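Remarks on the structure that follows.
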Amino acid sequence: MVLLMCLSLPILAQNNKKVDDRIKLAREKYSEGLALIAENSANQYPLNYTIVVRNQNWAAVGMRSDSIWFYYNELRDDEEEPYPDGYALRMVHRTYNVAARDYLEEYLFDDNGKPLFFFTHFTEMLNSIDDSFEFEVRYYYDENGNIIRSIFKMMDKNGKMKEITTKSHPEVVKELDGLTSPDFKYVKNIFDAIY
């Protein structure tokens, strides 16, 4: 048993380092994405982003609006060539509504176009709670697109977002995890269809 523990500790430490490195990369890329958004917002002739808006009337629900901002880098083989060879999707900011509920989603991609980070903020009434609350969910992904860390937050009575866990709120976390469905493929397919 002791031998097994001695052998598994370096493996666990290596796995934790991979997770920590990936989360650090997500934070760096997220900061880069925010800088790109700020740069484009301040520019009179903004580059490197595209907005897609879809409005439709749903029966028994009413008007549904879905706005998706795609932020990307231009891929160039030759800096003297004025037109890019293609685009590398970096960050997607999506807002949409269903009935009277508003949702915000952010998707972040790594340099290889793989999922890196997902964030969502929404108001929802869950089966495990008697009232409507605001929630935030964060997912961090490894190089293979697997979730390596999940963070769930719920607004407390003082209006502050507080982290909740499977220990503190098991039913809420389970319901949020089942309710939250990041769709990297959906946003990537729309981006690819545009370009």
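The values are calculated or read from the model by the stated rules, or taken from the named source; none is laboratory data. Here the structure is a predicted model, which means the values were calculated and not measured. A quick note on method: Cβ atoms are made from the backbone with ideal geometry, for glycine too, and the neighbour counts reach across all protein chains shown. What goes into the accessible areas is simple: the full protein's heavy atoms, side chains included, and nothing from ligands, DNA or RNA. Shrake-Rupley method; radii C 1.70, N 1.55, O 1.52, S 1.80 Å.
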| said: Filter region 157-172 down to the residues that are farther than 20 Å from Asn127 by Cβ and either charged (D, E, K, R) or in contact (Cβ under 8 Å) with a residue 24 or more places away in the chain (or both) and list them by number. | reply: Lys157, Lys160, Met161, Lys162, Glu163
| task | Taking the options Asn73, Asn97, Asn57, name whichever one is assigned to a strand (DSSP E or B), at pLDDT 75 or above and farther than 25 Å from Ser132 by Cβ. | result | Asn73
| said: When you check Ile68 against the structure, is it assigned to a strand (DSSP E or B), under 28 Å from Asp20 (Cβ atoms), open to solvent by less than 50 Å² (accessible area, probe 1.4 Å) and at pLDDT 90 or above, yes or no? | reply: no
| request: Consider Arg27 carefully, then state whether it is part of a helix (DSSP H, G or I), open to solvent by 40 Å² or more (accessible area, probe 1.4 Å) and modelled with pLDDT of 90 or more. | output: yes
| request: Test Val92 against the stated conditions and say whether it is under 24 Å from the mean Cα position of the chain (by Cα), at pLDDT 80 or above, loosely packed, with under 12 Cβ neighbours inside 10 Å and part of a strand (DSSP E or B). | output: no
| query | What pairs can you find where one residue is in region 126-146 and within 14 Å of Leu116 (Cα to Cα) and modelled with pLDDT of 75 or more, the other is open to solvent by 60 Å² or more (accessible area, probe 1.4 Å) and assigned to a loop (DSSP other than H, G, I, E, B), and their Cβ atoms are less than 9 Å apart, with a gap of 6+ or different chains? | reply | Tyr141/Lys114; Asp142/Lys114; Glu143/Asn112; Glu143/Lys114; Asn144/Lys114; Gly145/Lys114
| remark: Scanning region 111-157 for residues that are charged (D, E, K, R) and within 21 Å of Gly33 (Cα to Cα), the one surrounded by the fewest Cβ atoms within 10 Å (Cβ to Cβ) turns out to be Asp111
| message | Looking only at region 158-180, count every residue that is outside any helix (DSSP H, G or I) and either charged (D, E, K, R) or open to solvent by 80 Å² or more (accessible area, probe 1.4 Å) (or both) and tell me the total. | response | 6
| Which condition number in (1) modelled with pLDDT under 80; (2) within 16 Å of the chain's Cα centre (by Cα); (3) among the aromatic types (Phe, Trp, Tyr) is the one that Tyr83 fails? | (2)
